[in-house]
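Worksheet for the structure shown next.
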Amino acid sequence: MPTKYQTTDKATSSTTRLEHNLSRAVSVGFSAGLTAGVIVLVPVLILQLSRGVGIVPEMQLAASSLMGMAAYAGATGFVFGTLLHFFVSVVPAVVYALVVWQVPVVNRWTWIGGPVLGIIQFFFMGFVVLPLSAFTTPASVTPMPFVPALLIHMFGLGLPIAWVVRRGWARSNSVA
């Protein structure tokens with residue numbers, strides 16, 4: 001016989017399991033986004049430094065989408081741009097983890113799902129987010145060329161997200 005703290009209600013058990021899986025998906029996605037955010041900075045900064053764009057202006061470039069030219073005025077733009085960079089890495093990673101949770105077969109296709117995620121994010125940022133933002137650059141800071149930017153999104157952002165989600169989801173399934 002159940003105590004007042006135990007339940008035999010299948011709906012409650014199902015809801016608890018749903019909440020647990022949702023929490024796991026968000027947690028795995030958050031970790032994947034932070035990891036990919038660090039990984040993607042390596043090729044971005046190498047390419048931009050080779051083009052004469054420093055680390056600070058590159059992060060200020062991200063901040064300019066919300067701050068406009070004020071992003072280039074000092075450290076605030078650098079800090080805000082860095083935070084924004086990680087936000088833009090975490091959000092698609094959480095979405096990807098939620099997709100994997102709902103469509104588990106996607107997790108088997110890491111080499112396809114990751115680059116596709118990178119392509120989707122690249123075009124979403126380029127055709128939806130940036131046109132609606134205050135994005136601007138001074139003459140001394142130029143955005144990355146199209147092809148390298150697309151490849152970096154595919155293999156420096158999307159693929160690491162897919163790898164970390166796959167590994168994190170497998171690990172959380174073995175623990176659960």
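Just so you know, all these numbers are worked out from the coordinates, no wet-lab data involved. Just so we're clear, the structure is a prediction, and the values are computed from it rather than from any experiment. Counting neighbours? That spans all protein chains shown, and the Cβs are built from the backbone with ideal geometry, glycine included.
Which three semi-axes in whole Å describe the equivalent ellipsoid of region 114-163, each the square root of 5 times a Cα gyration tensor eigenvalue, listed largest first?
Over the Cα atoms of region 114-163, the semi-axes work out to 22, 13, 8 Å.
Taking the inverse of the average 1/r across all pairs of different Cα atoms in region 42-90, what Kirkwood radius in Å do you get?
So the Kirkwood estimate lands at 10.6 Å.
If you average the sequence gap of Cα pairs under 8 Å that are 6 or more apart and divide by the length of region 30-175, what percent do you get for the contact order?
Details: 195 pairs, mean separation 53.0, N = 146.
Reported as a whole number, the value is 36 percent.
Would you compute, from DSSP H runs of 4+ residues alone, the mean residue ellipticity of the chain at 222 nm, taking -39500 (n - 2.57) per run and dividing by the full residue count, rounded to the nearest 500?
Mean residue ellipticity, 222 nm, calculated: -23500 deg cm²/dmol.
Quick check on the exposure proxy: order Ile152, Ile120, Ile46 from fewest to most C-beta atoms within 10 angstrom.
Exposure proxy ranking, most exposed first: Ile46, Ile120, Ile152.
So which chymotrypsin sites (Phe, Trp or Tyr not before Pro) in region 64-117 are both in a DSSP loop and have at most 14 other Cβ atoms within 10 Å of their Cβ?
Values: sites: Tyr72, Phe78, Phe80, Phe86, Phe87, Tyr96, Trp101, Trp109, Trp111; in loops: Trp109.
Passing both the DSSP loop test and the Cβ count: Trp109.
If I take all pairs of Cα atoms in the chain, what percentage of them are more than 22 Å from each other?
Distances greater than 22 Å cover 50 percent of the Cα pairs.
Given points 7 Å out from each Cα along the Cα-Cβ axis, report the Gln102 to Arg167 separation in nanometres with one decimal.
Spacing of the two 7 Å Cα→Cβ label points: 2.7 nm.
How much length, in nm to one decimal, is gained on full extension between Thr76 and Ser50, taken as 0.36 nm per residue of separation minus their Cα-Cα distance?
Result: 6.9 nm gained on full extension.
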